[in-house]
Amino acid sequence: MEPLVEITLEDARWQDILPALSERAARAVLEDQGLTPTEFEISLLGCDDARIAVLNADFRGKPMPTNVLSWPSAELAAEAEGGRPDAPEPFLPGERESLGDIAIAWETCLREAEEQEKTLESHVTHLIVHGILHLLGYDHIRDGDAALMEATEVRVLDRMGISDPYEL
């Protein structure tokens with residue numbers, strides 16, 4: 001079976017953690033959304049804080065590290081606050097449609113996991129789920145959208161056996 005997530009590792013520290021976690025998280029999110037994983041693909045960059053700071057500066061005007069960034073291939077966000085985003089559709093039968101790109105930074109993820117007293121695996125899985133939901137049109141700028149996105153994250157993670165990340 002062809003992997004759903006195409007991974008590029010710029011930081012070797014991701015080698016033992018990112019491949020298995022990302023594939024499992026991606027499948028869980030797509031299945032939760034009623035999407036067939038074999039119809040889609042996601043690109044994931046495992047990098048360090050220096051690289052993600054450059055990306056954050058270039059694309060968001062914030063020259064600082066962050067945990068995860070997402071670049072959706074299509075605009076799927078709901079117009080109405082708190083509304084469910086539009087579902088992506090495969091371009092052609094038998095061809096996989098790209099949902100977009102995600103970058104995740106090692107040092108920030110490790111630091112946050114330690115600060116929140118979570119395992120690195122649980123925290124990274126949450127951030128991958130979060131990033132994929134962004135690719136699917138979810139956001140957290142408006143209150144209603146944030147509530148929907150967080151509830152979706154909690155539901156997906158619970159099905160994966162991971163505790164609610166918002167309960168600190």
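The values are calculated or read from the model by the stated rules, or taken from the named source; none is laboratory data. Because the structure is a prediction, the values reported are computed rather than measured. Positions of Cβ are generated from backbone atoms using ideal geometry, with glycine treated the same way; all protein chains shown enter the neighbour counts.
One line per residue, one yes/no per condition, for (1) within 14 Å of LEU99 (Cβ to Cβ); (2) of a type in the set (Asp, Glu); (3) at pLDDT 95 or above; (4) crowded, with 17+ Cβ neighbours inside 10 Å:
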position: CYS47; (1), (2), (3), (4): no, no, yes, yes
position: ARG51; (1), (2), (3), (4): no, no, yes, yes
position: VAL54; (1), (2), (3), (4): no, no, yes, no
position: ASP58; (1), (2), (3), (4): no, yes, yes, no
position: PRO72; (1), (2), (3), (4): yes, no, yes, yes
position: GLU79; (1), (2), (3), (4): no, yes, no, no
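Which pairs turn up if I take residues in region 89-113 that are without any contact (Cβ under 8 Å) to a residue 40 or more places away in the chain and look for partners that are outside any helix (DSSP H, G or I) and polar (S, T, N, Q) with beta carbon separation below 8 Å, at least 6 apart in sequence or on another chain?
Pairs that qualify, where the first residue is without any contact (Cβ under 8 Å) to a residue 40 or more places away in the chain and the partner is outside any helix (DSSP H, G or I) and polar (S, T, N, Q), are ALA113/THR119.
Report, by residue number, each residue of region 18-41 that is modelled with pLDDT under 95, under 16 Å from the mean Cα position of the chain (by Cα) and surrounded by fewer than 16 Cβ atoms within 10 Å (Cβ to Cβ).
ALA20
Does any residue in region 56-82 that is closer than 14 Å to ILE141 by Cβ come within less than 7 Å, Cβ to Cβ, of a residue that is in a loop (DSSP other than H, G, I, E, B) and among the basic types (Lys, Arg) six or more places away or on a different chain, and which pairs are these?
What qualifies is ALA78/ARG84; GLU81/ARG142.
I'm checking my understanding of the structure. Among residues of region 77-100 that are outside any loop (DSSP other than H, G, I, E, B) and of a type outside the set (S, T, N, Q), which one is farthest from GLN15 (Cα to Cα)?
GLU97
Mind checking which residues of region 42-54 are in a helix (DSSP H, G or I) and either under 16 Å from the mean Cα position of the chain (by Cα) or among the hydroxyl-bearing types (Ser, Thr, Tyr) (or both)?
ILE52
Looking only at region 3-41, count every residue that is in a loop (DSSP other than H, G, I, E, B) and under 17 Å from ASN67 (Cβ atoms) and tell me the total.
The qualifying residues number 3.
Conditions (1) over 23 Å from SER98 (Cα atoms); (2) without any contact (Cβ under 8 Å) to a residue 60 or more places away in the chain; (3) surrounded by 22 or more Cβ atoms within 10 Å (Cβ to Cβ), marked per residue:
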| residue | (1), (2), (3) |
| --- | --- |
| ILE128 | no, no, yes |
| ILE132 | no, no, yes |
| ILE141 | yes, yes, no |
| LEU148 | yes, no, no |
| VAL154 | yes, yes, no |
| ARG159 | yes, no, no |
| ILE162 | yes, yes, no |
| GLU167 | yes, yes, no |
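Is there any pair with a first residue in region 1-17 that is over 16 Å from THR108 (Cα atoms) and at pLDDT 95 or above and a second that is charged (D, E, K, R) and not in a strand (DSSP E or B) whose Cβ atoms are under 7 Å apart and which are 6 or more apart or on different chains, and what are they?
Listed pairs, sorted by first residue: VAL5/GLU23.
Can you name every residue in region 60-70 that is buried (at least 16 other Cβ atoms within 10 Å of the Cβ) and not polar (S, T, N, Q)?
Passing the criteria: PRO65, VAL68, LEU69.
Here is a yes/no grid of residues against (1) part of a helix (DSSP H, G or I); (2) in contact with a helix residue (DSSP H, G or I) (Cβ under 8 Å, 6 or more places away or on another chain):
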| position | (1), (2) |
| --- | --- |
| ILE102 | no, yes |
| THR125 | yes, yes |
| ALA146 | yes, no |
| THR152 | yes, yes |
| VAL156 | yes, yes |
| GLY161 | no, no |
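Going through GLU115, GLU107 one at a time, which residue ends up being loosely packed, with under 13 Cβ neighbours inside 10 Å, at pLDDT 95 or above and among the charged types (D, E, K, R)?
GLU115
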